[in-house]
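The values are calculated or read from the model by the stated rules, or taken from the named source; none is laboratory data. None of these values were measured; they are calculated from a predicted model. As a convention, Cβ positions derive from the backbone with ideal geometry for all residues, glycine included, and neighbour counts pool all protein chains shown.
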Amino acid sequence: MAGHVPEHRLLDVLEGRGASDRAHVEACAQCRARLAEAQAGLALAAGAEVPEPSPLYWESLRRQVSRRLDEESGRRPAFWRRISLGPVLAAAAVLAGIVTFLPLAGRPPAPLPPPQLPAWSALPPAEEDEGLEVLRAVAPAVADASVPAACAGVAECLVDLSDEESQVLADRLRREIGHGKDL
Amino acid sequence: MPSTPAALAASDESAPELASSRRHEDDRDAVAACQGGERQAFDRLVEKYQRDVYRLCYRYVNNHQDANDMAQEVFLKAYRALDRFRGDSSFSTWLYRIAVNTCLNFRASRKPEAAELPEALPDKSQGALERLERDERSRQVREAVTRLPEKQRATLILKIYHDLTHEEVAGILGSTVGTVKANLFHALGNLRKMLAAEAGE
């Protein structure tokens, strides 16, 4: 544009510099019009703000970037970034449970394995059996309960009782020890 | 954001150099820590620059969703390339360069623009009406900016909305200060012409 001020120098004038070109601009209608148009453009541009996202957005953006970087580097995300996975993991556990146990629900119960008897007795010898003292204390009351005299211990004697004998003994014990209260 | 010619010029002349130098020093430390394997240092850089990057992206695409996607992409690219950053320019200049390139690539590959959602629900009160008019003017200007030629658009966005110096803009765009000034002058004139034509002036 021969004879007129080039654009980069007109911008200097617009910015308040370019004193050497100012006289020309004031005298030249064409340069003045170009300058006025750029000034109007600047006023328009300056007023056009970007809508501000929610203040919470910035934290969210930072976390998204951080999570993606963790994923890329194969690192396990920090706990605070995994918190939101909690409900998903819980749902997955429930689903896994359903998938595992649902097919079993319609089947008849499996037969119980035969009881494994210990090779040794967990019961104390008769002379150390604390229950013996109790039994002696109520002996008069259970005299007719026909406790075998040669039993190895109180517990074993009780095991050997018939249902009827057990019932008689239990009733007597309730009365004598519990003084009428339910034991 | 410089809203007057004087402010536009001031952003070049009276930048607080000490604060700027300290900022660049902090960035250099953070970059060095990242390069040494300290990932949290990059989180700090994201926190520091996410607003600038998001707003730059928004100026290109004019909607939040795409701006969000692009902003994330910019930081991921920066992180991947961080080992190659040698500090020849400031970190912010380098990051802006990545952001501008990401925006240009995105625009080149994107599908036709979806209509932007209104920024506010209609409200009949006097203040709200003025606000709606202002928002609508802003939207028209932003939309016109996206239609500027590539170099003019990048120059205008970086200079007007990110308050960078002509030298910084030239560094980001790989251009000269003279070209940046000429592009900015053309961009401002074209913006005015486009908006005047739309308004039927």
Inset, instruction - Test B:Arg55 against the criterion of being outside the structural domain of B:Val145 (by TED's automatic domain parsing) and modelled with pLDDT of 95 or more, and give yes or no. - result: yes
Inset, instruction - Could you give me the residue pairs with C-beta distances under 7 Å whose first residue belongs to region B:70-83 and is under 12 Å from B:Leu45 (Cα atoms) and of a type in the set (Gly, Ala, Ser), whose second residue is in a helix (DSSP H, G or I) and at pLDDT 95 or above wherever it lies, and which are 6+ apart or on separate chains? - result: B:Ala78/B:Leu95; B:Ala78/B:Ile98
Inset, instruction - Please enumerate the residues belonging to region B:40-51 that are farther than 15 Å from A:Asp70 by Cα and either of a type in the set (S, T, N, Q) or more than 11 Å from chain A (Cβ to nearest Cβ) (or both). - result: B:Gln50
Inset, instruction - Name the one entry in B:Gly37, B:Gly87 that is outside any helix (DSSP H, G or I) and under 17 Å from A:Asp70 (Cα atoms). - result: B:Gly37
Legend entry - Contacts under 8 angstrom Cβ, first residue in region B:126-150 being more than 8 Å from chain A (Cβ to nearest Cβ) and under 30 Å from B:Gly174 (Cα atoms), partner surrounded by 14 or more Cβ atoms within 10 Å (Cβ to Cβ) and hydroxyl-bearing (Ser, Thr, Tyr), 6 or more apart: B:Thr146/B:Tyr60
Legend entry - Number of positions in region B:159-185 that are buried (at least 22 other Cβ atoms within 10 Å of the Cβ) and either at the interface with chain A (Cβ under 7 Å from one of its Cβ atoms) or β-branched (Val, Ile, Thr) (or both): 7
Inset, instruction - With the checklist (1) modelled with pLDDT of 90 or more; (2) more than 7 Å from chain B (Cβ to nearest Cβ) in hand, flag the one item A:His8 doesn't pass. - result: (2)
Legend entry - Unique match (being under 27 Å from B:Gly87 (Cα atoms) and either within 7 Å of another protein chain (Cβ to nearest Cβ) or not aromatic (Phe, Trp, Tyr) (or both)) among B:Leu195, B:Leu156: B:Leu156
Inset, instruction - Output the residue which, of all residues in region A:1-20 that are aliphatic (A, V, I, L, M) and in a loop (DSSP other than H, G, I, E, B), is surrounded by the most Cβ atoms within 10 Å (Cβ to Cβ). - result: A:Val5
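For (1) part of a loop (DSSP other than H, G, I, E, B); (2) within 7 Å of chain B (Cβ to nearest Cβ); (3) basic (Lys, Arg); (4) at positive phi, each residue gets a yes or a no:
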site: A:Arg22; (1), (2), (3), (4): no, no, yes, no
site: A:Cys31; (1), (2), (3), (4): no, no, no, no
site: A:Ala36; (1), (2), (3), (4): no, no, no, no
site: A:Ala40; (1), (2), (3), (4): no, yes, no, no
site: A:Ala43; (1), (2), (3), (4): no, no, no, no
site: A:Ala48; (1), (2), (3), (4): yes, yes, no, no
site: A:Trp58; (1), (2), (3), (4): no, yes, no, no
Legend entry - Residues (at pLDDT below 95 and crowded, with 17+ Cβ neighbours inside 10 Å) located in region A:52-61: A:Pro53
